[in-house]
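S.K.: Take a look at the following structure, please.
The values are calculated or read from the model by the stated rules, or taken from the named source; none is laboratory data. A quick note: this is a predicted structure, and the numbers were derived from the prediction, not measured. Here Cβ is always computed from backbone atoms with ideal geometry, including for glycine, and neighbour counts include all displayed protein chains. Heads up: the accessible areas ignore ligands, DNA and RNA and are worked out on the full protein's heavy atoms, side chains in. Shrake-Rupley method; radii C 1.70, N 1.55, O 1.52, S 1.80 Å.
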Amino acid sequence: MSGLLLENVRIAIGARPLFPPLSLHVPRGEVATLMGPSGCGKSSLLAFLCGTLDPALSAAGRVSLDGAPLDGLPPERRRVGILFQDDLLFPHLSVGGNLGFGLPPGLSRAERRARIEAALAEAELPGFAERDPATLSGGQRARVALMRALLAEPRALLLDEPFGRLDAALRARFRAFVLGHAAARGLPVLLVTHDPADAAGRVVHLAPDAEPVMP
Amino acid sequence: MTRALPALLAFGVVAVPVAAGLLGTLLPAFGVLPAIGADGPSLDPWRRLFAEPGLPRATLLSLATGLGATVLSLLLVALFCAAAHGTRGVARAQALAAPILATPHAALAIGVLFLIAPSGLLLRLVSPWATGLDAPPDVATVNDAWGLALLLGLVVKETPYLLLMTLAALNQIPATRLVAVATSLGQPKPVAWLKVVFPLLYRQIRLPVLAVLAYSVGTVDVALILGPTTPPTLAPLLLRWATSPDLSLLLPASAGALLLLGVALTAIGAWLAAERAVAPLGRAWAASGLGTGAGALRAGATLLPFLLLLACAALVALVLWSVAGPWRFPDALPDRVQADTWTSQAAALATPAANSLSAALLATGLALALAVAALEARARHGAAALPWLLALTPLPLLLPQASFLLGLQTALLTLGLEGGLPAVVLVHLVFVLPYVLLSLSGPYAALDPRLPRVAACLGASPLRVFLAVKLPVLARPLLAVAAVGIAVSIAQYLATLLAGGGRFATLTTEAVTLAAGGDRRVLGVFAVAQAAIPLLAFGAALLLPALLWRDRAALRA
């Protein structure tokens, strides 16, 4: 089955599950939104999908991407891109260095540069390759973070409340920018948020199973 | 198992020598040291120890100077921070304290000696116009029988340390808001600080305070330079026996090392009991309504800047003597400055300097590698990496050094390891690694865990995440911690002397030996050279990130 498939996924702290077993299919080019209060395990679910779950938590269930199981693969071989609320650009690298970080190995210098320049043009930031990320505005940094994730050629995109830090005007534009780029590449997108205004596509409410977990 | 390996290694590097040292102290203390033909068990070492006429006084002096130095240092820091809260004085004091922290104990103690000796700089500055003296007075202002010069030397060195630890801990407390609330209720600012900030702060600096106490009770180098001589404090008395050609004196020295351990644990116990006694009084005072005494607190707060200036003057005195030409009492300055002492001592400096540097670089490099591996394992594997074991690693800082170093000497002797660079580096690690771990764990924990996660999701292997993301982002704290490691290693006197079997000369062992002699110019040269290495290391740790990250605003700040 193409796209992102979750079957009976459970995450627990010790013996206590964070949410009821979750099954979900996000076909290629479509978006699903997981809604829930903070502490219900949304971010932990995304960490589990990336392969970076906190060792204090345990998880069960099956996840596959375009028919291939992800279970047991290390994060760097899953090709699952993720965007957070903060842009998390690497502070020691230039804008171009950040964009080039996830490019596939074996590209020629010219090819690397061409892909970075093309990504900068798409992000409406031509000529920004040598800039220090700290000198960019919040909206510019957010666009660089998206292009960085896309240049790594992911097969799915996870969004962990990625619009929360932006002001209202920027927010709608960046949301359209992210979803547009993901759709153009036919990526399955899983968005988690607590804000109904961010939601897109099919909406699933992730209710806490037991008592709410304090953050 | 492999997940726990880094923590086990770090713990072992510190705990194994300490355990071996304590065992090597315990057995000879009861007459068992086959290497010198003592087959025990017997209580003779204790009889010999207690037959020493100066022992009760030496023991009391160690206890009193140790407790006194800790109380005074903490008091000066608390008074200053209370009165100077929210003023520019804090940043100024911090800037003055940093180079003093970097200066090894021995060099600073020699500087204090140059200041307060009867022919010292302080008396020269007021003579003869105010004192009428044209010859140094015959008064024991250093090596006094009461240990007052020793007390001053300890306070001068430990106050800047506690100040910097306090300022670092204040960043983790909402001090500004707490004081703002308390002053808005009508408390004068210094009183408000003591009532609402100090109780929270004290918990954070408890380990450094107890480390100061244990170090001060057991200090050897500062006591040899500034302390009383007949009798000395307990630790130098034991050292005198342990390094005597008469090997049978190793037995009472070991018994004495156990006594020293008991004295230090008694001091720590007394301190903890005093905490319990003072806490309810402090709570009652804090709850008693508006406080008075702000004026007295502000007056007391001037003591710390005065002490920092004294420490800086001590460093100036070191440099002055190292370049002094003819300098008669009571002239405040030498007739001329000259490089003669430096050029004549260049050959004598070379080997000790090379030994100091190689031990410091090796011990610091190993400590950094062990600490980074352990913290990296903790970040990746959580509880499986045994973080509690890592938390136990700094505990030997709460033991007086002589209590296990004397025994470690006999253990190294038995293993045939004594006397070379490897033994010195291994023993330096016991002190360098805890400070490196303590200094690095904060910055490591403060690194945003999502940064390595993002890198992994972009396809970077764990090794690439570590090398291309974590190390560069942590470059500034890593360099600062390396400077701490170098400063700790360079400062080691007893560890170097005992692990080196007296044959591994460093700038520190030479400076302390020279302090017993009379040539102040040569002493000045060695003390300046000793202090220069950690000062240069701290300078480099400040300068390199500014150069490296001149185009990266987020890492420059």
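S.K.: When the helix-only estimate is applied to chain A (DSSP H runs of n ≥ 4, each -39,500 (n - 2.57), divided by the residue count), what is the mean residue ellipticity at 222 nm, nearest 500 deg cm²/dmol? Each step should come with its number before you reach the end.
M.R.: Working: 5 runs with 60 residues, N = 215.
After summing the helix terms and dividing by the residues of chain A, the value is -8500 deg cm²/dmol.
S.K.: Suppose we take every Cα in segment B:299-344 and form the convex hull; what volume per residue is that in Å³? Mind dumping the intermediate values first?
M.R.: Numbers: hull volume 3.4 nm³, N = 46.
Cα convex hull per residue, to the nearest whole number: 75 Å³.
S.K.: Compute the normalised compactness of chain B: alpha-carbon radius of gyration over 2.2 N^0.38 Å, N being the residue count. Before the final figure, lay out the partial values.
M.R.: Numbers: Rg = 24.4 Å, N = 557, 2.2 N^0.38 = 24.3 Å.
That ratio works out to 1.01.
S.K.: As a test of the definition: with a 1.4 Å probe, what buried accessible area, both sides summed, do you compute for A against B, in Å² to the nearest 100? Intermediate values should be presented prior to the final figure.
M.R.: Values: alone 10550 and 24100 Å², together 32380 Å².
For chain A against chain B, roughly 2300 Å² becomes buried.
S.K.: What whole-number distance in Å separates the alpha-carbon centres of segment B:478-549 and segment B:247-283?
M.R.: With segment B:478-549 and segment B:247-283 each reduced to a Cα centre, they are spaced 29 Å.
S.K.: log10 I(q)/I(0), Debye, Cα-only segment B:399-467, no solvent, q = 0.14, 0.15, 0.27 Å⁻¹?
M.R.: Per q value, in the given order, log10 I(q)/I(0) is -0.65, -0.68, -1.16.
S.K.: Based on the Kirkwood radius over alpha-carbon pairs, what value in µm²/s does the Stokes-Einstein equation return for the translational diffusion coefficient of segment B:491-557 at 10 °C and 1.306 mPa s?
M.R.: Working: Rh = 14.3 Å.
My calculation gives 111 µm²/s for D.
S.K.: Sticking with this one: In sequence order, what are the phi-derived ³J(HN,Hα) couplings for segment B:275-291 according to the Karplus relation 6.51 cos²θ - 1.76 cosθ + 1.60 with θ = phi - 60°, rounded to whole Hz, with x for glycine and proline?
M.R.: For segment B:275-291, the Karplus-derived couplings read 4, 5, 6, 7, 3, x, 5, x, 5, 4, 5, 4, 8, 8, x, 5, x Hz, x marking Gly and Pro.
S.K.: Give, ordered by residue number, each residue of segment A:106-138 whose 1.4 Å probe accessible area is reduced by a minimum of 20 Å² on adding the remaining protein chains to the chain alone.
M.R.: Correct list: A:Asp132, A:Ala134.
S.K.: Considering only protein heavy atoms and a 1.4 Å probe, what is the carbon-and-sulfur percentage of the accessible area of segment A:40-136? Intermediate values should be presented prior to the final figure.
M.R.: Details: 2160 of 4180 Å².
Answer for segment A:40-136 is 52 percent, counting heavy atoms of protein chains only.
S.K.: Take B:Leu108, B:Leu417, B:Leu281 and sort them by solvent-accessible surface of the protein heavy atoms, 1.4 Å probe, largest at the top.
M.R.: Values: B:Leu108 5, B:Leu417 80, B:Leu281 120 Å².
Listed by decreasing accessible area, they come as B:Leu281, B:Leu417, B:Leu108.
S.K.: Please list the non-local residues whose amide H lies under 5 Å from the amide H of A:Ile82, H modeled 1.01 Å from N, same-chain partners needing a gap of 5 or more.
M.R.: A:Leu158
S.K.: Same structure again: Roughly how many Å is it from the Cα centre of segment A:18-90 to that of segment B:308-332, as a whole number?
M.R.: Using only Cα atoms to place each centre, the spacing works out to 67 Å.
S.K.: Under the definition of partner shielding as Cβ atoms of other protein chains within 10 Å of a residue Cβ, what is the mean value for peptide A:89-95? The partial results should precede the final answer.
M.R.: Working: counts 3, 10, 10, 13, 5, 2, 0.
Averaged over the peptide's residues, the number is 6.
S.K.: I need the Kirkwood Rh of segment B:98-237: take the reciprocal of the average 1/r across all distinct C-alpha pairs and report it in angstrom.
M.R.: Working: mean 1/r = 0.0567 Å⁻¹.
Computed over Cα pairs of segment B:98-237, the Kirkwood hydrodynamic radius comes out at 17.6 Å.
S.K.: Related question: Extension gain B:Thr87-B:Asp134, at 0.36 nm per residue separation less the Cα-Cα distance, in nm?
M.R.: 12.6 nm
S.K.: Let me ask something additional. For the protein assembly as shown, what is one quarter of the convex hull surface built on the Cα atoms, given in nm²? Show your work: numbers first, answer last.
M.R.: Details: hull surface 161.7 nm².
Here the figure is 40.4 nm², rounded to one decimal.
S.K.: So what are the ³J(HN,Hα) numbers for segment B:165-170, from phi and the Karplus equation (6.51, -1.76, 1.60; θ = phi - 60°), rounded to whole Hz, Gly and Pro as x?
M.R.: Values per residue, Gly and Pro as x: 4, 5, 5, 5, 5, 4 Hz.
S.K.: Could you tell me the convex hull volume per residue, in Å³, taken over the Cα atoms of segment B:201-272?
M.R.: Details: hull volume 6.8 nm³, N = 72.
Roughly 94 Å³ of hull volume per residue.
S.K.: Right, something else. Over all residues in B:546-555, what is the mean tally of Cβ atoms on other chains that come within 10 Å of each residue's Cβ? Walk me through the numbers on the way to the answer.
M.R.: Values: counts 0, 0, 1, 3, 1, 7, 9, 5, 8, 4.
So the per-residue partner count for this stretch is 4.
S.K.: Could I ask something else about it? Calculate the spin-label point distance for A:Ile13 paired with B:Gln94, positioning each point 7 Å from the Cα along the beta-carbon direction, and give it in nanometres.
M.R.: 3.4
S.K.: Still on this model: Report the Cα centroid-to-centroid distance between segment B:395-413 and segment A:105-152 in angstrom, as an integer.
M.R.: Between the Cα centre of segment B:395-413 and that of segment A:105-152, the gap is 57 Å.
S.K.: Using only Cα atoms and rounding to the nearest 10 degrees, what angle (0 to 90) does helix A:168-184 make with the longest principal axis of chain A?
M.R.: 90
S.K.: Within 10 Å, count the other beta carbons around each residue, average over each peptide in B:325-335, B:499-509, and list them highest first.
M.R.: Ranked from most to least packed, the peptides come out as B:499-509, B:325-335.
S.K.: Something else: Mind checking the per residue accessible area of the protein assembly as shown for me, 1.4 Å probe, whole number of Å²?
M.R.: On the way: 32380 Å² over 772 residues.
Each residue of the protein assembly as shown exposes 42 Å² on average to a 1.4 Å probe.
S.K.: Given a Förster distance of 56 angstrom, what is the FRET efficiency for B:Ser344 paired with B:Ala277, based on the Cβ-Cβ distance and rounded to 0.05? It would help to have the intermediate numbers written out before the result.
M.R.: Values: r = 57 Å, r/R0 = 1.02.
The value I calculate is 0.50.
S.K.: What does the convex hull of the Cα atoms of segment B:376-425 come to per residue, in Å³, rounded to a whole number? Intermediate results must be reported in sequence, preceding the final value.
M.R.: Numbers: hull volume 5.7 nm³, N = 50.
Here the figure is 114 Å³ per residue.
S.K.: Please average, across the residues of A:75-84, the number of beta carbons from any other chain that are within 10 Å of each residue's own beta carbon, and give a whole number. Intermediate values should be presented prior to the final figure.
M.R.: Numbers: counts 12, 10, 3, 3, 3, 1, 4, 6, 2, 5.
Partner Cβ neighbours, averaged per residue: 5.
S.K.: Then there is this: Could you work out the relative contact order of chain A, using alpha carbon pairs under 8 angstrom and six or more residues apart, expressed as a whole percent? Can you show the working numbers first?
M.R.: Details: 395 pairs, mean separation 74.1, N = 215.
With pairs under 8 Å counted, the relative contact order is 34 percent.
S.K.: Additional query: Rounded to the nearest percent, how much of the accessible area of chain B (1.4 Å probe, protein heavy atoms only) is carbon and sulfur? Intermediate values should be presented prior to the final figure.
M.R.: Details: 16200 of 22970 Å².
Exposed carbon and sulfur together represent 71 percent of the surface.
S.K.: Based on the inverse mean of 1/r over its pairs of different Cα atoms, what is the Kirkwood hydrodynamic radius of segment B:405-540, in Å?
M.R.: Values: mean 1/r = 0.0572 Å⁻¹.
Every distinct Cα pair counted, the radius reaches 17.5 Å.
S.K.: Follow-up question, since we're still on this one. So what's the Cα pair-distance distribution over segment A:22-79, bin width 10 Å, in %?
M.R.: 19, 53, 27, 1
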